[in-house]
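Report on the structure given below.
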Amino acid sequence: MEPIDVIVTAGYSEGKPDLLAEYTGSPRKALAPLAGKPMVWHVVHALRAAPSIRDIIVMGIAPEEGVDLGTPVTFVRNQPGLLDNVYAGLDTVLRQHPDAIMTLVASGDIPLLTSDMVEWFVATCRQSEHDVYYSVVPKAVMETAFPTSKRSYIRFREGPHCGGDLFMVRLAAAHRSESLVRAALDRRKSAWRQALLMGVGTLLKLAVGRLSLPDAERVATRIFQVRAR
């Protein structure tokens, strides 16, 4: 199997306080100390231990900040928002590897990530030919493993799920759908504009817990014009 590059989102929003960063006296959450190392250090080392991973791009930390993660990575300075960091990371992947097809994206604040989790997710994604793969975790699984995590859940027909903070994306599809993704994010604070985008029926099914995971895949496929899973 061809190795895959990974973007680690370790950025921050200017002027938006983060309670963990403030409590630990860190410049941002991803650099909060955990077991003597920055939180993002643990994420990076789990990724580095995964055989399928090639290059690691850490978004939101400028090279001149002098952060040492103990393994070779590419640092890219912070961008105005999360989506800007992701797309700047995608551009960095293409500059380093113009023939890259897929890229993994991982949050910089999941220090309990393991290389086995990474390998399972990558292998599972490679079983089909979708453009975007987003990980979700059933509430029962999350709370059995991490009972004090206090995650936010969405109630699907299959039961409550939360995001897994890992996704894989086809580079060409990501750039093709960028304007659609940004437009969808612009609508997230308006229930009416969300209804126009998703459809009233979809929102009603989501509100009463009748939207299934396959339904969600179809909605994402329609809105973003990608093959979503």
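None of the figures in this text is laboratory data; all of them are computed from the coordinates on show. From a predicted model like this one, the values you see are computed outputs, not experimental measurements. Here Cβ is always computed from backbone atoms with ideal geometry, including for glycine, and neighbour counts include all displayed protein chains.
Assessment of the stretch 84-93 against the conditions (exposed (fewer than 12 other Cβ atoms within 10 Å of the Cβ) and either within 17 Å of Val44 (Cα to Cα) or under 20 Å from the mean Cα position of the chain (by Cα) (or both)) yields no matching residue.
To keep it simple, each residue is scored yes or no on (1) in a strand (DSSP E or B); (2) touching a helix residue (DSSP H, G or I) at 6+ places or on another chain (Cβ under 6 Å); (3) not basic (Lys, Arg).
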{"residue": "Phe75", "(1), (2), (3)": "yes, yes, yes"}
{"residue": "Pro80", "(1), (2), (3)": "no, no, yes"}
{"residue": "Ala88", "(1), (2), (3)": "no, no, yes"}
{"residue": "Asp91", "(1), (2), (3)": "no, no, yes"}
{"residue": "Pro111", "(1), (2), (3)": "no, yes, yes"}
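Checking Pro147, Pro138, Pro111 one by one, the residue that is surrounded by 18 or more Cβ atoms within 10 Å (Cβ to Cβ) and farther than 21 Å from Leu94 by Cα is Pro111 and no other. Is it the case, given these coordinates, that Ser13 is of a type in the set (S, T, N, Q), over 19 Å from Thr114 (Cβ atoms), in contact with a strand residue (DSSP E or B) (Cβ under 9 Å, 6 or more places away or on another chain) and not in a strand (DSSP E or B)? Taking the combined requirement at face value, the residue does not satisfy it. Just one residue in the set Asp68, Asp5, Asp18 is acidic (Asp, Glu) and crowded, with 22+ Cβ neighbours inside 10 Å; that residue is Asp5.
To keep it simple, each residue is scored yes or no on (1) more than 14 Å from Val169 (Cα to Cα); (2) in contact with a strand residue (DSSP E or B) (Cβ under 6 Å, 6 or more places away or on another chain).
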position: Thr74; (1), (2): yes, yes
position: Gly81; (1), (2): yes, no
position: Asp84; (1), (2): yes, no
position: Val93; (1), (2): no, yes
position: Leu104; (1), (2): no, yes
position: Gly108; (1), (2): yes, yes
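Residue count for the stretch 43-70, restricted to those that are assigned to a helix (DSSP H, G or I) and either among the β-branched types (Val, Ile, Thr) or within 20 Å of the chain's Cα centre (by Cα) (or both): 6. Within the stretch 65-83, residues that are over 13 Å from Gly11 (Cα atoms) sit with their Cβ atoms under 8 Å from residues that are assigned to a loop (DSSP other than H, G, I, E, B), at 6+ positions apart or across chains, in these pairs: Val67/Ile61. If you go through the stretch 22-42 and keep only what is part of a loop (DSSP other than H, G, I, E, B) and over 19 Å from Met59 (Cβ atoms), you end up with Gly25, Ala35, Gly36.
Within the stretch 160-191, being farther than 28 Å from Ile101 by Cα and either of a type outside the set (Gly, Ala, Ser) or surrounded by 14 or more Cβ atoms within 10 Å (Cβ to Cβ) (or both) holds for Pro160, His161, Arg187, Arg188, Lys189. All told, Met117 falls short of being assigned to a helix (DSSP H, G or I) and touching a Cys at 6+ places or on another chain (Cβ under 7 Å). Under 8 Å between Cβ atoms, which residue pairs at least 6 apart in sequence (or on different chains) link something in the stretch 143-159 that is free of Cβ contacts under 8 Å to residues at least 40 places away in the same chain with a partner that is part of a loop (DSSP other than H, G, I, E, B)? These pairs meet every condition: Glu143/Ser149; Phe146/Leu112.
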